[in-house]
Every structure is written in C-alpha cells, then in structure tokens.
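K.L.:
Just dropping this structure here.
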Amino acid sequence: MSQDEPPKTKTEIKRKQKVSVAERLMFFNKKYPNGCIRTKQIEMLGRPFYRATVNPDIANPARYFTGHAPATSETGSIFRKTFLLDGAEVDCVIDTGSSIIPVEIKSGSKVILSTLRGLSSFIETYKEKVSLTYVITTCRVPEKLLDKITVLPWRFP
C-alpha cells in the first residue's frame, strides 16, 4: 500500500466488506505523520457517545474534522465497532435537550443518497430522537432530499 492509497485489506461484517479501524488508523499515520486524532467520551440525551477530532497537520490547528459515534454499553465502556466500520457516523450532532439533529457536511454541490450511509444509519439507530437532519453542501439553494433530510448551502448569497 502506498502512502496515498487507502487500505485494501477488508473484513466481512454482516456480509459486507469493511476496512478495519486499525487499518484506517495505520493509513492515517502514514499519510499524515504530523496529524493527530483525539477522542473523547461525551453524553447526549443520556446516552454515551464518542467524539473523534481529526487534525491532518498539527501545525494548522484550524483545519480539523469531527465525527460522532455511539458507545454500546450504558456505561460507555465498550466502543461500538461495527457502527464505525459501517461508516455510521456523522460530522456534527446538535443536542437540543429533547431531540438530536445530526449534520453531515459534504464538499460537493450534489448529494446522492448512497453517500449518506452514515447519516441514514444514524437516523435509523436514533429514530425516536431524530426528527430532522441537515446536509451542508456547496449547493446554491436548500433542497428537501427526504422527509427527514434537508440539504442546505453552506453560505447564503
């Protein structure tokens, strides 16, 4: 595997081929030797979550990415491995106190449902708490993608 190629070794989980978290971390360390990944256990709506903040270059602290994934146990001591392997994470979660609003951020202007697997899985897992979600893109006008998914431009004219 070259430094610029993602890992190719896959493991079958639920009849799907997935790249392990360990392989992804090794790839990150090779590709971004000055990068770092920070994790923190947090609580949302009384449930444990993990927040991972990724910075590809610690010399540029303003450039970072954040993802969230739920823990499996009530104490939060067991990391939900299949959730992360399935890519079921979102970029941001807004906790209103009575509901949660997942937010996904995409760099393109067109959103295809197949690129929202993490968001879809998050919605399904927390359907009793999620009534709406947002996808932020470079599109020009807001668009209702599905009943619970609205696409919004990252900046308004």
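K.L.:
With a 10 Å Cβ neighbour count serving as the proxy for reagent exposure, in which order, fewest first, do Glu104, Glu43, Glu128, Glu143 appear? Could you put the intermediate results ahead of the total?
P.N.:
Details: Glu104 23, Glu43 11, Glu128 8, Glu143 15.
Arranged by neighbour count, lowest to highest, Glu104, Glu43, Glu128, Glu143 become Glu128, Glu43, Glu143, Glu104.
K.L.:
When Arg63, Arg24 are ordered from fewest to most other Cβ atoms inside 10 Å of their Cβ, what list results?
P.N.:
Working: Arg63 12, Arg24 16.
Starting with the residue having the fewest Cβ neighbours, the order is Arg63, Arg24.
K.L.:
Beyond 27 Å between alpha-carbons counts as too far, so tell me which of Lys110/Lys148; Lys30/Lys129; Lys30/Lys148; Lys30/Lys106; Lys31/Lys129; Lys31/Lys148 fall in that bin.
P.N.:
On the way: Lys110/Lys148 17 Å; Lys30/Lys129 38 Å; Lys30/Lys148 38 Å; Lys30/Lys106 25 Å; Lys31/Lys129 37 Å; Lys31/Lys148 36 Å.
Where the Cα-Cα span goes over 27 Å, the pairs concerned are Lys30/Lys129; Lys30/Lys148; Lys31/Lys129; Lys31/Lys148.
K.L.:
Then there is this: According to the square roots a ≥ b ≥ c of the eigenvalues of the Cα gyration tensor, what is the shape class of the stretch 90-157, taking rounded for a/c under 1.5, prolate for a/b larger than b/c otherwise, and oblate for the remainder?
P.N.:
Values: a/c = 2.02, a/b = 1.54, b/c = 1.32.
Since a/c reaches 1.5 and a/b is larger than b/c, the shape of the stretch 90-157 is classed as prolate.
K.L.:
Can you put Phe65, Phe28, Phe49, Phe122 in order, fewest other beta carbons within 10 Å first?
P.N.:
Values: Phe65 12, Phe28 17, Phe49 20, Phe122 24.
Exposure proxy ranking, most exposed first: Phe65, Phe28, Phe49, Phe122.
Bear in mind that the values in this text are calculations on the coordinates, not laboratory data. Since the model is a prediction, treat every value here as computed from it, not as a measurement. FYI the Cβ positions are ideal-geometry reconstructions off the backbone, even for glycines, and counts take in every protein chain you see.
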